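In what follows, a structure is listed as structure tokens, so that the remarks can point back to it.
The values are calculated or read from the model by the stated rules, or taken from the named source; none is laboratory data. Model, not experiment: these values are computed from the prediction. Reconstructed Cβ throughout: ideal geometry from the backbone, glycine too, with neighbour counts over all protein chains shown. What goes into the accessible areas is simple: the full protein's heavy atoms, side chains included, and nothing from ligands, DNA or RNA. Shrake-Rupley method; radii C 1.70, N 1.55, O 1.52, S 1.80 Å.
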Amino acid sequence: MPRSEAIGVFKAILLDMDGTLVNSDAVVERCWRRWAIEHGLDPEAALKVVHGRQGYATMAVLLPDRPMERNYADNRVMLAEETADVEGVVPIGGAPAFMAAIAELPHALVTSADSALATARMGAAALPMPAVRVTAEQVGASKPDPEGFLKGAAELGFDAADCIVFEDSEAGVAAGRAAGMRVVGVGPRAAALAPDAHVADLTQVRVEAAEDGSVRLHIDEA
């Protein structure tokens, strides 16, 4: 059995989607490369900032002088394109077993995707959609703002300090920290962000439910 490390006791789990539960990099890269080229931007540079944020917020970073109304309009088009394109969308390693393990535990999805995109990608990856979810329509500020995670904790009925976040991106990790939550970084993007714990994928995460309803998480060595 692999060696493991207990990383704490929590009451609720908050989950990002893209890069954390679902590998949608192929779609993201196709759509954002096309958008970057159309706007005269270096697609490789653009891809360094797209993960974790809502599309309009990414556009504001890449084109800081452009009116925000145009970013919102482009984002609506981008969301429609991404929702229609699920080719190559697959679960992150270990995600099906992890979701099964936490099915009866307090957890929520907190994603920068809107409801339609979240439904499309979770469905394409054959992962169950959490009953509690905070999508783009429900927040006024994109990650790295902590609003989404704070709303997720509130909907589950727990204080921020009692929650743990699973995230893959710089914006997402920053949002979890700003919410006052501990963060497990998932995948290569998170490795350099100094999360409270890091895993290559969800095969390394084990969940232990206590009789008092709390959740103990263990990280197995890779």
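Check the range 28-48 and report whether any residue there is of a type in the set (Asp, Glu), part of a helix (DSSP H, G or I), in contact with a Pro (Cβ under 9 Å, 6 or more places away or on another chain) and closer than 25 Å to Val77 by Cβ.
Going through the range 28-48, the residues of a type in the set (Asp, Glu) turn out to be 29, 38, 42, 44.
If we keep only those that are part of a helix (DSSP H, G or I) too, we end up with 29, 38, 44.
Within this subset, residues satisfying the condition of being in contact with a Pro (Cβ under 9 Å, 6 or more places away or on another chain) are 29.
With closer than 25 Å to Val77 by Cβ added as a condition, the list becomes 29.
Yes; the residues of the range 28-48 include at least one that is of a type in the set (Asp, Glu), part of a helix (DSSP H, G or I), in contact with a Pro (Cβ under 9 Å, 6 or more places away or on another chain) and closer than 25 Å to Val77 by Cβ.
Check Val132, Val184 and return the single one that is modelled with pLDDT of 95 or more, β-branched (Val, Ile, Thr) and closer than 18 Å to Glu104 by Cβ.
Numbers: Val184 fails: closer than 18 Å to Glu104 by Cβ.
The match here is Val132.
Are there helices (runs of 4 or more DSSP H) fully within the range 104-210 with at least 3 residues that are more than 21 Å from Val89 (Cβ to Cβ)? List them.
Values: elements: 115-124, 147-156, 170-178.
Counting at least 3 such residues, we get 147-156, 170-178.
For Ala73, state whether it is open to solvent by less than 30 Å² (accessible area, probe 1.4 Å) and at pLDDT 95 or above. Let's see the steps before the verdict.
Numbers: open to solvent by less than 30 Å² (accessible area, probe 1.4 Å): no; at pLDDT 95 or above: yes.
Criteria not met by Ala73.
Return the residues of the range 176-189 that are in contact (Cβ under 8 Å) with a residue 40 or more places away in the chain and open to solvent by less than 20 Å² (accessible area, probe 1.4 Å); say none if nothing qualifies.
Taking the range 176-189 and keeping what is in contact (Cβ under 8 Å) with a residue 40 or more places away in the chain, we get 176, 181-182, 184, 186-187, 189.
Scanning the range 176-189 gives Gly176, Met181, Val184, Val186, Gly187.
Against the condition assigned to a helix (DSSP H, G or I), open to solvent by less than 70 Å² (accessible area, probe 1.4 Å), at pLDDT below 95 and under 15 Å from Arg121 (Cα atoms), how does Ala80 come out, does it pass? First the steps, then the outcome.
Details: assigned to a helix (DSSP H, G or I): yes; open to solvent by less than 70 Å² (accessible area, probe 1.4 Å): yes; at pLDDT below 95: yes; under 15 Å from Arg121 (Cα atoms): yes.
So Ala80 fits the description; yes.
Residues to consider are Arg206, Arg133; find the one that is in contact (Cβ under 8 Å) with a residue 24 or more places away in the chain and farther than 28 Å from Asp85 by Cβ. Give the derivation first.
Values: Arg133 fails: farther than 28 Å from Asp85 by Cβ.
Exactly one residue qualifies, and that residue is Arg206.
Among the residues of the range 30-41, are any open to solvent by less than 50 Å² (accessible area, probe 1.4 Å), within 19 Å of the chain's Cα centre (by Cα) and closer than 22 Å to Gly152 by Cβ? It would help to see each step written out before you state the result.
Narrowing the range 30-41 to residues open to solvent by less than 50 Å² (accessible area, probe 1.4 Å): 31-32, 35-36, 41.
From what's left, within 19 Å of the chain's Cα centre (by Cα): 31-32.
If we keep only those that are closer than 22 Å to Gly152 by Cβ too, we end up with none.
Taking every residue of the range 30-41 in turn, none turns out to be open to solvent by less than 50 Å² (accessible area, probe 1.4 Å), within 19 Å of the chain's Cα centre (by Cα) and closer than 22 Å to Gly152 by Cβ.
Among Ala57, Ala6, which is the only one that is open to solvent by less than 70 Å² (accessible area, probe 1.4 Å), assigned to a helix (DSSP H, G or I), under 23 Å from Arg189 (Cα atoms) and aliphatic (A, V, I, L, M)? Break it down stepwise before answering.
Details: Ala6 fails: assigned to a helix (DSSP H, G or I).
Within the list Ala57, Ala6, the selection yields Ala57.
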